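The values are calculated or read from the model by the stated rules, or taken from the named source; none is laboratory data. What you are looking at is a predicted structure, and each value in this text was computed from that prediction instead of being measured. A quick note on method: Cβ atoms are made from the backbone with ideal geometry, for glycine too, and the neighbour counts reach across all protein chains shown. Surface areas here come from the heavy atoms of the whole protein model, side chains and all, with no ligands, DNA or RNA. Shrake-Rupley method; radii C 1.70, N 1.55, O 1.52, S 1.80 Å.
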Amino acid sequence: MNRIVIVSNRVGPLTDTGRAGGLAVALVDVLRERGGLWFGWSGEVSEQGTYGALKFTEEGTVSTATIDVAQVDYDEFYAGFANRALWPTLHYRLDLTDFDRRLEEGYRRVNERFAARLVPLLRPDDIIWVQDYHFFLLGEMLRAAGVKNPIGFFLHIPFPVPEVLTALPNHKKIVHAMLSYDLIGFQTTNHLAAFERYLFEEVGGSREDDGAIAAMDRRVHAAAFPIGIDAEAFSKFPESKEGGENLALVRAELDDRKQIVGVDRIDYSKGLPERFTAFERLLELYPEHKGEVSLLQIAPPSRSEVRAYSQIQRLLEGLSGRINGRFSDLDWTPIHFITRSFPRRSLAGIYRGSAVGLVTPLRDGMNLVAKEYIAAQDPENPGVLVLSRFAGAAEEMSEAVIVNPYSIDEMAEALRTAIQMPLEERKERFEILNDKVMTNTATTWAHAFLDRLLEIHEPPEDIERQAF
Ligand code: ADQ
């Protein structure tokens with residue numbers, strides 16, 4: 001079986017520490033099945049940066065190889081072009097972008113350095129799978145270095161409509177580089193359609209007989225592969241020791257009250273201020289919920305070196321303080337705002353103890369919290385998922401209470417509907433949603449992508465066919 005080589009900005013861990021995300025767990029599973037290498041950034045900044053020694057770890061048939069980056073790479077590539085130009089643009093936040101040629105050049109340079117360090121590690125029959133927006137250019141650079149292996153790319157975040165993408169000054173270079181991949185995976189048919197529209201309308205691409213799109217002298221296959229979670233394992237977490245302890249804590253604290261839960265990295269794409277304000281509106285419109293319903297928002301800071309991120313954290317602290325000052329009573333605080341992360345098993349207990357899961361991003365590639373919340377519910381007494389129409393997850397999870405996160409009133413009404421929903425309706429919605437979450441998991445996602453990649457890859461003529 002061909003070895004899998006995964007490339008992503010952050011690597012591992014290979015063992016489930018309880019903190020590793022479900023995605024990392026699924027990727028390790030796939031690497032284990034076929035044997036593989038996981039290549040990416042070590043998480044360290046050093047003087048030698050990408051020129052320093054590779055760091056290896058190995059566990060059975062799976063190994064990781066990571067490199068450091070230099071401070072200038074971190075500033076221009078990671079905190080720069082990736083998170084100040086690509087992330088906001090792809091999340092429709094042109095107001096927050098910083099288009100600077102220096103950052104663009106840093107992004108190109110780091111992609112090139114990663115390609116240069118990866119090439120010597122590759123074997124002729126490896127299948128290469130590159131993850132996410134940090135590495136749009138990597139495939140083109142691998143091809144330029146003579147790599148003939150199948151190379152796939154999966155975009156975890158949205159691909160915006162051409163009217164938005166074209167605000168990115170180097171949009172053509174980015175999309176041209178993307179066409180070096182054999183297969184591009186998107187989270188939803190909506191993102192896929194936006195990409196195809198770009199190719200057809202912006203650069204005169206055309207569909208070929210085998211489904212590929214030819215454009216800019218290259219051709220590519222593209223499809224939607226909605227990502228899932230490690231659903232089976234997650235559904236058991238509430239009954240684990242840590243899950244059970246946290247569930248008991250939540251129940252003891254709530255007494256007979258109800259809890260709404262939100263779990264997100266602090267990020268402007270997650271719609272957190274709108275969420276706090278919608279909860280405030282609920283209390284204004286329906287004062288009977290005062291003292292009866294609370295909002296627990298768990299949101300560890302991320303990318304705080306980027307100004308837009310530290311600003312939003314301050315905004316949220318101010319908002320929760322104001323709402324709590326306005327509505328709190330001696331025995332009840334409306335908003336609990338916790339800015340640290342929890343182990344996954346503990347999170348599952350908290351999800352189960354919460355009557356409503358509130359997932360209201362302004363834009364999101366998929367949003368795994370929506371799926372985790374469902375997987376963690378008690379089938380006999382499930383909670384209700386309130387989900388933004390702009391989360392990729394909404395395409396599959398239409399049995400959630402779907403909301404427009406820009407409408408504070410609509411969200412307040414949706415919260416009321418969710419809090420008051422009768423058991424029978426909760427069960428009906430849950431059963432359908434849970435079926436989907438259990439069927440389309442992180443593992444089936446990875447297999448679907450890799451199977452398709454092998455199917456469509458055309459081995460270049462100058463290398464041996466049998467390798468593929
Ligand atoms: P993210 O933007 O990070 O991922 P999301 O899909 O919600 O968003 O994944 C977050 C993960 O982190 C979840 O597994 C969640 O449990 C965990 N997490 C969040 N807060 C936590 C906390 N306080 N403690 C512990 N764990 C916490 C990107 C895209 C998404 C896409 C994923 C996967 O932005 O749209 O779904 O990749 O493709």
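Details
- Mean Cβ neighbour count within 10 Å, used as a protection proxy, ranking 336-349, 292-305 highest first: 336-349, 292-305
- Cα shape, the range 167-292, gyration tensor, a/c 1.5 rule: prolate
- Distance from the range 60-105 to the range 113-167 (C-alpha centre basis), Å: 14
- Restricting attention to the range 232-438, the count of lysine pairs at 8 or more positions apart or across chains with alpha carbons under 24 Å apart stands at 15.
- Helical contribution to [θ] at 222 nm, DSSP H n ≥ 4, -39,500 (n - 2.57), averaged over the chain, rounded to 500: -11500 deg cm²/dmol
- Remark: relative contact order (the chain) = 15 percent; criterion is Cα-Cα distance under 8 angstrom and separation of 6 or more residues.
- Protein accessible area in the range 1-152, 1.4 Å probe - carbon and sulfur %: 49
- Solvent-accessible heavy-atom area per residue, rounded to whole Å², over the range 232-438 at 1.4 Å: 41
- Taking a ≥ b ≥ c as the square roots of the eigenvalues of the alpha-carbon gyration tensor, the chain is classed prolate because a/c is 1.5 or more and a/b outweighs b/c.
- For the range 232-438, carbon and sulfur atoms together expose 48% of the accessible surface, with a 1.4 angstrom probe and every protein chain in place.
- Around residue 166: net Lys/Arg minus Asp/Glu count, Cβ-Cβ under 12 Å: -1
- Gyration tensor (alpha-carbon) shape descriptor, the range 232-438, a/c threshold 1.5: rounded
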